[in-house]
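Trainee: Before anything else, here's the structure in question.
The values are calculated or read from the model by the stated rules, or taken from the named source; none is laboratory data. Just so we're clear, the structure is a prediction, and the values are computed from it rather than from any experiment. Using ideal geometry, Cβ is built from the backbone for each residue, glycine included, and neighbour counts are taken over all protein chains shown.
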Amino acid sequence: MRAIETFPNLVTMFFTRTAEQGDKPFLWRKSGGTWHPLSWNEVARQVAALATALQSLGLKPGDPVMLVSENRPEFCIADLAIMAAGCITVPTYTTNTTRDHQHILTDSGARAVIVSTAKLAQALMPAVVRSQAAFVIGMEPLRGAQGQAACHLWDDLIAAHATDIATCAAAQTAARQNQACIIYTSGTGGAPRGVMQHHGAILLNAEGAGAILVEDFGWGEESFLSFLPLSHAYEHSGGQFLPMLLGGQIYYAEGLEKLASNIEETRPTIMVVVPRLFEVLRARIIKSIEKQGKFPTWLMGQALRIAAKEQQGKASILDRPLKAVLARTLLPKIRARFGGRLKALVSGGAPLNPDVGLFFDAMGLTLLQGYGQTEAGPVVSCNRPRAGIAMDTVGPPLKGVEVKIAEDGEILVRGELVMHGYWRNPVETEKVLKDGWLHTGDIGEFDAKGRIRITDRKKDLIVNDKGDNVSPQKVEGMLTLQNEIGQAMVHGDRRPYLVGLIVPDAEWTREWALANGVTPANAPANPAYMAALRAAVDRVNADLSVIERVRRFILADEAFTIDNEEMTPSMKIRRHVIRKRYAERMDALYKG
């Protein structure tokens, strides 16, 4: 079997794969209702030209270059070109405000900016003109921006700086320890900090994840559907450089609203997804099956029952006939919704509720839960079929990664994947890097098979007035598995019990309102509606310990979103923002 190679830097890896793949498709975009590819050679031609253009514009090795773009082929091309020019990529979220851009421009000291569209430039340009950035490159024309800063057009630069691919490839001298990018953490609390990721950190991640895929599934022609923001370390390493290492193809999804159709069209072999999306997909699949009638719903229940028994090591020979029926009826339909070629769904970025993992396993889809953080490349560990998948674990560490558990239960990580520090922030760096070990802030343990089990997050623990520790993520995860509840946050630090803030599920609310002759907007004023939500909370409480139960709750004014800054771009709730908004009302739940 072909082994996973090692490379001195990410750009050399790309050019090596290009020499092997040539005119085969690499990056795909959809336009005019049709998917269009860029070949490896064409991508390499543009990378070489853009790298030469950046150097001709005065950029020097080590200069940071900010990249503001949605997921599209040009993101990958720009990222590689920046590194090929010897510079450092600073990818940022497209949802950033002018204030966010200003912070990252100032903190990183970016010497140039590449932006995809005029729309994204609207929030960006006011920050650029107050920064040290010398020029801006637009992937598309930046209408109205030319008077604000020196602007260049992507196509013009590439046309004017045609460069031989082999010459650019031969000029790459970066070593694995050299810095590749600064990735700003999405910030569930406080201002984002720039994580210094070097070439070796990302390469070790890609090599370790690639080894799992090759050893457990075989080396094949892989297709990835890129959906999560490429400015997030998880997608940047797992959704861009891992496919590159494997010589695979990358399709860029059109957005959440078209994700389901994009999956069926592109038929990916690997999908890198966050738990929140798994929860959404699970809810949609369940609803779709229930609408088909009693027999399909019964089959789904049987599939879940059998999967739960097998997870507990209690597989029964008596279930074999029913498994054969499921394999011919329900499961092929579910797999077809994911394109029919899917080898694995890989979950990361936040804790996955084991019940969600069990559901996808029951539906015949392999779900591999991983663990990590931006400061570690970002992948530390991942479940793998050969080692046995346990839904309450995040698998063993990747190859080349050391993990140990401190006396207080904190997970410590050491290896090439660990960042060199926070950019221009030695004080914060010293807090997490001690004696070569990254202090993750997560609490965990090893199971009998060497798989990591995350039990909590140090700084997210709720400590009640009696000193008991409660995991908010566990309770919130159980709440959002209820059909009636879309999102939830619990509160109770130094308090006698937990209270909750609930966002009712929008589709359930519409159906309830229709059945009860009211409008969705007026539903919360109806006692029966609130009683239904109370019943959902009570179902969860029945499976929780006394200290974990949610005694009282209120409804949020609106959903937690990126736009209202109550969720990060990686779809984690920003507790400090939500607490500030609802503090008075949540505190009132402890009175009377």
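Trainee: Being among the basic types (K, R) and within 17 Å of V470 (Cα to Cα) is the filter here, so list the residues in the range 511-563 that pass it.
Mentor: The answer is R549, R551, R552.
Trainee: Being under 27 Å from A532 (Cβ atoms) and modelled with pLDDT under 95 narrows it down to one of D557, D563, D587, so name that one.
Mentor: Just one listed residue meets the conditions, D587.
Trainee: Please work out if D408 is surrounded by 17 or more Cβ atoms within 10 Å (Cβ to Cβ) and either on the phi > 0 side of the Ramachandran plot or acidic (D, E) (or both).
Mentor: Taking the combined requirement at face value, the residue does not satisfy it.
Trainee: Let me ask you something else. What residue, among those in the range 558-575 that are touching a strand residue (DSSP E or B) at 6+ places or on another chain (Cβ under 9 Å) and of a type in the set (D, E), is nearest to E476 (Cα to Cα)?
Mentor: Out of the qualifying residues, it is E566.
Trainee: Whether any residue in the range 504-521 is in the same structural domain as A536 (by TED's automatic domain parsing), at pLDDT 90 or above and closer than 18 Å to A542 by Cβ is what I want to check.
Mentor: Within the range 504-521, the first condition is being in the same structural domain as A536 (by TED's automatic domain parsing), and the residues that meet it are 504-521.
Okay, now just the ones that are also at pLDDT 90 or above, so 504-521.
Imposing the further condition that a residue be closer than 18 Å to A542 by Cβ reduces the set to none.
No, the range 504-521 contains no residue that is in the same structural domain as A536 (by TED's automatic domain parsing), at pLDDT 90 or above and closer than 18 Å to A542 by Cβ.
Trainee: Now a separate question. Any residue that is more than 21 Å from the chain's Cα centre (by Cα), surrounded by 17 or more Cβ atoms within 10 Å (Cβ to Cβ), at pLDDT below 90 and polar (S, T, N, Q) - is there at least one of those in the range 473-485?
Mentor: Checked against the condition, which is being more than 21 Å from the chain's Cα centre (by Cα), surrounded by 17 or more Cβ atoms within 10 Å (Cβ to Cβ), at pLDDT below 90 and polar (S, T, N, Q), the range 473-485 yields no hits at all.
Trainee: Just for the range 311-338: of the residues that are touching a residue at least 24 places away in the same chain (Cβ under 8 Å) and closer than 30 Å to I452 by Cβ, which one is surrounded by the most Cβ atoms within 10 Å (Cβ to Cβ)?
Mentor: Taking the candidates together, the pick is F338.
Trainee: Does E290 satisfy being surrounded by 13 or more Cβ atoms within 10 Å (Cβ to Cβ), of a type outside the set (V, I, T), modelled with pLDDT of 90 or more and within 22 Å of the chain's Cα centre (by Cα)?
Mentor: Numbers: surrounded by 13 or more Cβ atoms within 10 Å (Cβ to Cβ): yes; of a type outside the set (V, I, T): yes; modelled with pLDDT of 90 or more: yes; within 22 Å of the chain's Cα centre (by Cα): no.
The answer is no for E290.
Trainee: Here is a further query. Counting just the residues of the range 245-274 that are free of Cβ contacts under 8 Å to residues at least 60 places away in the same chain and within 17 Å of P73 (Cα to Cα), which one comes out surrounded by the most Cβ atoms within 10 Å (Cβ to Cβ)?
Mentor: That would be G248.
Trainee: Residues being farther than 20 Å from L27 by Cα, polar (S, T, N, Q) and assigned to a loop (DSSP other than H, G, I, E, B): count how many of those fall in the range 67-106.
Mentor: Total satisfying the criteria: 4.
Trainee: Moving on. For the range 452-491, give me each residue that is within 30 Å of P396 (Cα to Cα) and in a loop (DSSP other than H, G, I, E, B).
Mentor: Once the filter is applied, which keeps residues that are within 30 Å of P396 (Cα to Cα) and in a loop (DSSP other than H, G, I, E, B), the range 452-491 yields L461, D468, S471, T480, L481.
Trainee: Go through A123, A149 for me and flag whichever is small (G, A, S) and within 27 Å of the chain's Cα centre (by Cα). Please lay out each step first, then the result.
Mentor: Details: A149 fails: within 27 Å of the chain's Cα centre (by Cα).
The match here is A123.
Trainee: In addition: When the residues of the range 423-450 are filtered to those that are surrounded by 14 or more Cβ atoms within 10 Å (Cβ to Cβ) and touching a Leu at 6+ places or on another chain (Cβ under 9 Å), which remaining residue is farthest from H198 (Cα to Cα)?
Mentor: Only one residue fits best here, namely I443.
Trainee: Here's another thing I want to ask about it. Could you list, in sequence order, the residues of the range 218-250 that are of a type outside the set (D, E, K, R), modelled with pLDDT of 90 or more and more than 25 Å from T185 (Cα to Cα)?
Mentor: The answer is S223, L246, G247, G248, Q249.
Trainee: Now for a different question. What's the number of the only condition in (1) at pLDDT below 95; (2) over 25 Å from the mean Cα position of the chain (by Cα); (3) surrounded by 17 or more Cβ atoms within 10 Å (Cβ to Cβ) that V129 fails to meet?
Mentor: For V129, the exception is condition (3).
Trainee: I'm trying to understand the selection: among the residues of the range 339-356, which are buried (at least 17 other Cβ atoms within 10 Å of the Cβ) and at pLDDT 90 or above?
Mentor: Result: G339, L342, K343, A344, L345, V346.
Trainee: Right, something else. Would you confirm whether any residue within the range 143-160 is at pLDDT 95 or above, within 24 Å of G421 (Cα to Cα) and out of contact with any Cys (no Cβ under 9 Å at 6 or more places or on another chain)?
Mentor: Checked against the condition, which is being at pLDDT 95 or above, within 24 Å of G421 (Cα to Cα) and out of contact with any Cys (no Cβ under 9 Å at 6 or more places or on another chain), the range 143-160 yields no hits at all.
Trainee: Please find, within the range 336-361, the residue that is farthest from T269 (Cα to Cα) out of those that are of a type in the set (G, A, S) and over 18 Å from the mean Cα position of the chain (by Cα). Let's see the steps before the verdict.
Mentor: Initially, the range 336-361 is screened for residues of a type in the set (G, A, S), giving 336, 339-340, 344, 347-350, 357.
Subsequent filtering for residues that are over 18 Å from the mean Cα position of the chain (by Cα) retains 336, 339-340.
Details: A336: 12, G339: 8, G340: 9 Å.
Applying the filter and picking the extreme gives A336.
Trainee: Working carefully through the options A362, A376, find the one that is modelled with pLDDT of 90 or more and in contact with a Lys or Arg (Cβ under 9 Å, 6 or more places away or on another chain).
Mentor: A362
Trainee: OK, next. Quick one: which residue in T34, T97, T106 is surrounded by fewer than 17 Cβ atoms within 10 Å (Cβ to Cβ), under 21 Å from the mean Cα position of the chain (by Cα), free of Cβ contacts under 8 Å to residues at least 60 places away in the same chain and not assigned by TED's automatic domain parsing to the domain that holds T374? Working first, answer last.
Mentor: On the way: T34 fails: under 21 Å from the mean Cα position of the chain (by Cα); T106 fails: under 21 Å from the mean Cα position of the chain (by Cα).
Every option except T97 fails the conditions.
Trainee: Now a separate question. Just for helices (runs of 4 or more DSSP H) wholly inside the range 107-187: which have at least 2 residues that are touching a strand residue (DSSP E or B) at 6+ places or on another chain (Cβ under 9 Å)?
Mentor: Counting at least 2 such residues, we get 118-128, 154-160.
Trainee: Yes or no: the range 86-94 includes at least one residue that is of a type in the set (A, V, I, L, M, F, W, C), over 25 Å from H420 (Cβ atoms) and modelled with pLDDT of 95 or more.
Mentor: no
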